[in-house]
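Accompanying notes for the structure given below.
The values are calculated or read from the model by the stated rules, or taken from the named source; none is laboratory data. Note that the coordinates shown come from a computational prediction; the quantities given were computed from them, not determined experimentally. Glycine gets a Cβ as well: all are built from the backbone with ideal geometry, and neighbour counts include every protein chain shown.
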Number of protein chains: 2
Amino acid sequence: LIDLVVEDESAGARAKPTAMGKAVRIAVDAMGGDQGPGPVVEGALTAARDMGLAILLVGDRERIGPMVEALQPRLAPRCDVDVIHAAETIGMDEAPAEAVRRKPDASIRVAFQLAKDGRADAVVSAGHSGATLAIGRIVLGKIPGLERPGIAGFFPSLTGRTILIDIGANVDCRPVFLLQFGLMAEVLAAQVFKIERPQIGLLSIGQEDNKGNDLVLRAHDLLKAGVDGFIGNVEGRDLFSGRADVVVCDGFVGNVALKISEGLAETSELMLKRELRSDWASRLGSWLSHGAMRRFKRKVDYAEVGGAPLLGLNGVSIISHGASSPRAIKNAVKTAADMARADLPQRLTKRLAAAQTNA
Amino acid sequence: LIDLVVEDESAGARAKPTAMGKAVRIAVDAMGGDQGPGPVVEGALTAARDMGLAILLVGDRERIGPMVEALQPRLAPRCDVDVIHAAETIGMDEAPAEAVRRKPDASIRVAFQLAKDGRADAVVSAGHSGATLAIGRIVLGKIPGLERPGIAGFFPSLTGRTILIDIGANVDCRPVFLLQFGLMAEVLAAQVFKIERPQIGLLSIGQEDNKGNDLVLRAHDLLKAGVDGFIGNVEGRDLFSGRADVVVCDGFVGNVALKISEGLAETSELMLKRELRSDWASRLGSWLSHGAMRRFKRKVDYAEVGGAPLLGLNGVSIISHGASSPRAIKNAVKTAADMARADLPQRLTKRLAAAQTNA
């Protein structure tokens, strides 16, 4: 088995020494994000302060430099923050394949190169998720034995959160992809989120073994044979019930699931707000209960995790939502640091190798 | 083109005369429903009173007869309500194929036979949805030119509601199935829900034409060529945004979508209630705003439509949720009556034939 951890010796030799000594170093694509670098820089600086991380902000030095100068003294005065210049940015509306070809100096590419070179332990991007996936695969490569990297998303549940994989990296899957998603997310749940004996479910249209489409029926057998914590089929409602810690599906279904949840949450909030403004009793009532409302919103808010881990590359990376708040970025950077500290790529490689030995 | 309307001459000759003369007659499987016949009978009687319908309650006469005697004088004293005996019931945990073979006198089968014989204009069932689908296909048959019947579900949106088709009848689809779902739901939206020039979207993971899995990419071209109101791809969030009146997807994705929405709505309500009980200000606040909360709940409540139309059979039928309230059943019966009044099976047949002529 090849040792593929980011901090191998050769990488360490090239690593830039940091003021914090062994602090985990996170490369953040500061040019991603729908509202420009502002929320990304603010979130990254806050993460540096709260978790003693070193931050490499990648992007246009002319824009990011002044932001760091303005924010760092207040937010993270004693932290190790560097700006790494990247001349280009990939816009949210660019075709990934073309952007990859045409922009060798794009901020997300430079960020992944820092990880490849051992100068960063993880990458966080709030930019173009398709381009992030494509460039991550090109620059870092896949771990050995893996068919396809997958993106893990998080759903708020009654007992904490549910991990859904894949939420959009692979729209057409073969059964073995789903098996490997399950194996990888099981490791993520256990090693990064410290869940003992995670429960892994397969997303279907009924709990019975014989329910599902052709892909799910065939994947069911593979997961049953290969994944320790497999509990069988689960249904859409189980993303929120806490029945499973990890739910496996193909990237088309996962992406639809994510966007339905976001859409329903946003629409419900809008409808509820409208109703709560419609008469004086409701207005007073909602003012009195705004603390409870805020706590509720925080529980169902995706910003609590802050991003979606991209699993299966030779390195750690997190894809954040383009509209991420500073708090979402802060939490994404924290999750990325936890993944790096857990040596996740090495653990995933070992898990896949063990599964293949068993097969 | 064969005339397949339920009320054709031969059927009319066999039709049981009702006290209301030309009243629309709805056969209701009274044995469906998780809580037994009670809510179903109550909902059906209320519908009879509110909409001047004739109701045929199908099931165990020994159980349903006394319920009708007890409820009718209060709920629907001057309405035409009959009990049609059926000796058997299909349980929610039975395998559809076996139940179909083994129980020729099941209540849902007797209900469909009433429609087949022209004694009922539509069927409403809150029972086993798989068995309802299977028996509906056997007894009534598909309309000419149709590949597969589809089930249409409803999602609350900012502007009203969105129809999603298919929500579970077909877990593995070919592109032409999706085209025909779009054609059928367009007619449903226009003729039953009176939406002028309905907008039809294809559920995908991005609005661009080139986003989607293999099925969606191929279905896109068919829908673009064949469906008048086709607006291209829509995303999960658009089930609630009001961007489309109809959203088309395969039955696996649709079923997951439905159960995710139900699950998130239930979980959110539970979490919010918990928070609203956590301190006195919130408790008082939620008491003051309970009117707004109730109006909000009613807007997002699936009971407002009450059931899912099964499109593509030679007859009208609605599949209701097993946990349906009397209000849900009442609304399902109302929707079924609207579908019957609109001669939906005949209109769908004509629409499919026109699409084939164009192709």
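Is there a residue being buried (at least 16 other Cβ atoms within 10 Å of the Cβ), assigned to a helix (DSSP H, G or I) and modelled with pLDDT of 95 or more anywhere in region B:116-127? Scanning region B:116-127 turns up at least one residue that is buried (at least 16 other Cβ atoms within 10 Å of the Cβ), assigned to a helix (DSSP H, G or I) and modelled with pLDDT of 95 or more. When B:Asp172, B:Asp166 are checked against the criterion of being among the charged types (D, E, K, R) and either at pLDDT below 95 or more than 20 Å from B:Ala332 (Cβ to Cβ) (or both), B:Asp172 stands alone in meeting it.
When every residue of region B:316-331 is checked against the conditions, none turns out to be surrounded by 18 or more Cβ atoms within 10 Å (Cβ to Cβ) and within 9 Å of chain A (Cβ to nearest Cβ).
Taken over region A:115-145, the residue count meeting the criterion of being aliphatic (A, V, I, L, M) and in contact with a Leu (Cβ under 6 Å, 6 or more places away or on another chain) is 3. For region A:68-84, the set of residues classified as loosely packed, with under 15 Cβ neighbours inside 10 Å and either within 24 Å of A:Ile108 (Cα to Cα) or in contact with a Pro (Cβ under 9 Å, 6 or more places away or on another chain) (or both) consists of A:Glu69, A:Ala70, listed by residue number.
Can you give me the ranges of the helices (runs of 4 or more DSSP H) entirely in region B:212-323 with at least 1 residues that are under 21 Å from the mean Cα position of the chain (by Cα), in contact (Cβ under 8 Å) with a residue 12 or more places away in the chain and within 26 Å of B:Ala336 (Cβ to Cβ)?
Values: elements: B:214-226, B:238-241, B:251-276, B:280-288, B:290-300.
Per the criteria, B:238-241, B:251-276, B:290-300.
When region A:212-228 is filtered for residues that are out of contact with any Leu (no Cβ under 7 Å at 6 or more places or on another chain) and buried (at least 19 other Cβ atoms within 10 Å of the Cβ), the ones remaining, listed by number, are A:Gly212, A:Asn213, A:Leu215. Taking the criterion of being more than 29 Å from B:Ala152 (Cα to Cα) and either at the interface with another protein chain (Cβ under 7 Å from one of its Cβ atoms) or surrounded by 19 or more Cβ atoms within 10 Å (Cβ to Cβ) (or both), the residues of region B:254-278 that qualify are B:Met271, B:Leu272, B:Glu275, B:Leu276, B:Ser278.
Taking the stated definitions as given, is A:Gly232 more than 19 Å from B:Gly212 (Cβ to Cβ) and either at the interface with chain B (Cβ under 7 Å from one of its Cβ atoms) or surrounded by fewer than 24 Cβ atoms within 10 Å (Cβ to Cβ) (or both)? Steps first, please.
Working: more than 19 Å from B:Gly212 (Cβ to Cβ): yes; either at the interface with chain B (Cβ under 7 Å from one of its Cβ atoms) or surrounded by fewer than 24 Cβ atoms within 10 Å (Cβ to Cβ) (or both): yes.
Criteria met by A:Gly232.
Could you check region B:148-184 and list, in sequence order, the residues that are of a type in the set (Lys, Arg), in contact (Cβ under 8 Å) with a residue 60 or more places away in the chain and part of a loop (DSSP other than H, G, I, E, B)?
Step one: of region B:148-184, the residues of a type in the set (Lys, Arg) are B:148, B:161, B:174.
Filter once more, so that each one left must be in contact (Cβ under 8 Å) with a residue 60 or more places away in the chain: B:148, B:161.
B:Arg148 - this is the single residue of region B:148-184 that is of a type in the set (Lys, Arg), in contact (Cβ under 8 Å) with a residue 60 or more places away in the chain and part of a loop (DSSP other than H, G, I, E, B).
For region B:239-250, filtered to residues that are touching a helix residue (DSSP H, G or I) at 6+ places or on another chain (Cβ under 7 Å) and modelled with pLDDT under 95, the residue that is surrounded by the fewest Cβ atoms within 10 Å (Cβ to Cβ) is B:Ser241.
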